[in-house]
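We did not get these values from a lab; they are worked out from the coordinates using the rules stated. Treat the numbers as computed from the prediction; the structure is a model and nothing was measured. Here the Cβ is made from the backbone with ideal geometry for all residues, glycine too, and neighbour counts use every protein chain on show.
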Amino acid sequence: MYFKLIFIRLFILLSGALFGYGILPSFWGISGSVLGMMAAMIAWTVIDIHRQQSIIHWIRSEDHSLPARASGHWADLADKLWRLWRQFDKQKTENDERLKQFLSAIQASPNGVVLLDQNNRIEWCNQTCAHHFDFDVIRDVDQNITNLLRDPVFIAYFQSGKYDTDIVINAPKSTSSHPVRISVHLHEYDRGRKLLLSRDITLLEQAESMRRDFVANVSHEIRTPLTVLGGFVDTLIHLPLEEAERLHYLKLMAEQARRMQSLVEDLLTLSKLEANPSPHANEWVDVASLLTQVHSEAEHLSQIMYPQGHQLNFEVMPHYLMNGAATELMSAMANLVNNAIRYTPEGGSITVSWTVHADHTAEFAVTDTGPGIAPEHIPRLTERFYRVDSSRSRETGGTGLGLAIVKHVAQRHGARLQITSKVGLGSRFALIFPAEKLRFVQDTFNQD
Ligand code: ADP
């Protein structure tokens with residue numbers, strides 16, 4: 001290549017000299033050759049500069065999709081440049097694409113991400129973080145993070161320079177009625193840059209607090225009957241009692257043992273409901289025959305609890321099957337009927353109905369003439385261990401878990417629990433099942 005270039009130049013020079021020698025000798029002799037050579041050199045240089053300029057023009061232009069138009073030895077250079085350019089373009093497109101994918105992945109993350117430069121200014125942040133801290137992903141770029149996040153706990157953490165653990169702060173939109181708690185963790189990288197990760201832990205904190213309350217409640221519920229039982233055992237051991245007294249204490253002990261047993265059974269029911277998958281779509285339950293059993297148990301409970309009993313009315317529609325788990329439906333329906341019996345004074349009336357409405361939704365309802373419930377309690381009735389009247393609940397063998405079980409069963413069957421009540425007049429608890437959960441059968445014993 002190199003020799004080719006020297007050879008071409010020498011060839012042009014000699015051609016120029018020969019040309020000059022041939023045309024000009026009669027006037028200037030040998031100087032004709034020199035002039036010819038110079039003319040050839042000048043012509044070559046002009047052409048070369050022109051070629052060089054066209055390549056420089058191509059380099060400076062924006063569009064490198066086509067190779068530069070060049071000839072001679074510049075064509076090789078232009079071709080090499082064009083190939084490099086294309087390689088660079090391809091690499092750049094690939095890098096841009098990778099960066100785009102990387103940023104979309106961070107955007108999709110449930111965690112907030114902020115990149116800070118050496119001066120603690122926001123370089124980039126994702127939508128989740130903007131949502132956590134009310135940032136504007138475009139407007140707030142280049143803002144100093146401490147101007148936007150002014151929580152004193154965050155400022156102290158930020159300035160400490162010790163980022164081994166995370167901190168938890170309130171989100172700017174957090175209020176006392178709707179707390180929003182955000183965990184923030186800083187990580188240093190690349191000589192002074194920082195990565196800020198944020199996570200909404202409101203639900204996690206609520207779940208943790210519910211778990212703590214639950215454990216405290218269960219311990220309390222078990223401790224009370226255990227203390228009573230322990231007291232009776234001591235009495236039986238240490239005091240010489242008449243046979244009648246001994247029997248009396250043993251009956252009271254059996255009552256406390258039953259109370260603990262009911263509590264454990266309800267807890268097991270709840271944990272089974274939480275652990276098991278939703279009922280299978282192929283399970284069909286004959287609600288009418290389920291309610292025959294509920295009816296006879298209700299009569300029995302009413303008579304045990306109150307000598308006069310209650311006026312019990314069962315209005316049950318036959319021929320309908322319900323998609324769901326028989327044991328769960330039985331437990332929910334029996335819980336509602338038992339509550340009505342336990343809270344309605346003797347002689348009161350309790351109506352249990354199972355109907356299908358015109359829009360094909362089905363309703364299981366228990367209406368009583370009991371004490372009723374004040375409106376402020378109604379939204380909290382399905383919370384575990386929530387009781388309107390604790391002593392009444394315990395007196396009648398309540399665990400405080402019945403309506404929590406009902407709510408769980410309802411959710412698992414796509415149903416909703418509707419509670420209406422008026423103090424002094426009575427209450428109505430209804431489970432409303434969607435139409436698709438129901439199937440009409442002429443003969444309820446021929447379910448297939
Ligand atoms: P419990 O075992 O205490 O009855 P539940 O979860 O079944 O627990 O019910 C929660 C609370 O709702 C009860 O303690 C009671 O105060 C109230 N409640 C439930 N059913 C009735 C009802 N039919 N009439 C009046 N109050 C009721």
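Structural remarks
- Charge sum, other residues only, whose C-beta stays under 9 Å from Pro110's C-beta, Lys/Arg counted +1 and Asp/Glu -1: 0
- Residues Met253, Met260 in ascending order of nearby Cβ atoms (within 10 Å, fewest first): Met260, Met253.
- Rounded to whole numbers, the Karplus 3J(HN,Hα) couplings from phi for region 213-223 are 4, 4, 4, 4, 5, 4, 4, 5, 5, 7, 5 Hz, using 6.51 cos²θ - 1.76 cosθ + 1.60 with θ = phi - 60°, and x at Gly and Pro.
- Of the GluC sites (Glu not before Pro) found in region 356-448, those in coil by DSSP whose Cβ has at most 16 other Cβ atoms within 10 Å are Glu376, Glu383.
- Cα-based shape type of region 392-434, given that a ≥ b ≥ c are square roots of the gyration tensor eigenvalues and the cut on a/c is 1.5: oblate
- Two-site FRET efficiency, Thr175 against Leu197, from Cβ-Cβ distance with R₀ of 30 Å, rounded to 0.05: 0.75
- Panel order for Ser177, Ser390, Ser302, by other beta carbons found within 10 Å of each beta carbon, from fewest to most: Ser177, Ser390, Ser302.
- With the simple model of a label 7 Å out from the Cα in the direction of the Cβ, Arg394 to Glu242 spans 2.8 nm.
- Relative contact order, whole percent, for the chain stands at 9, derived from Cα pairs under 8 Å and 6 or more residues apart.
- Centroid-to-centroid separation of region 248-265 and region 381-448 [C-alpha atoms, Å]: 25
- Close amide H partners of Trp284, meaning residues 5 or more places away or on another chain with modelled amide H under 5 Å apart, are Gly324.
- Other residues lying with their Cβ under 13 Å from the Cβ of Cys125 contribute a combined charge of -3, Lys and Arg counting +1, Asp and Glu -1.
- Residues of region 337-363 with an amide N closer than 18 Å to a point placed 7 Å from the Cα of His319 along the Cα-to-Cβ direction: 354-363.
- Working note: Karplus 6.51/-1.76/1.60 with θ = phi - 60° gives region 102-118 the couplings 4, 5, 5, 5, 5, 4, 6, 5, x, 9, x, 10, 10, 9, 10, 7, 5 Hz, where Gly and Pro are set to x.
- Taking other C-beta atoms within 10 angstrom as a stand-in for reagent exposure, Glu297, Glu62 fall in the order Glu62, Glu297, fewest first.
- Helices in the chain, meaning DSSP H runs of at least 4 residues, each add -39500 (n - 2.57). Divided by all residues, the mean residue ellipticity at 222 nm is -18000 deg cm²/dmol.
- Only lysines eight or more places from Lys100 in sequence, or on another chain, were considered; those with a Cα closer than 18 Å are Lys90, Lys92.
- Near Leu149, once Lys and Arg are set to +1 and Asp and Glu to -1 for all other residues with Cβ below 12 Å from its Cβ, the sum equals -2.
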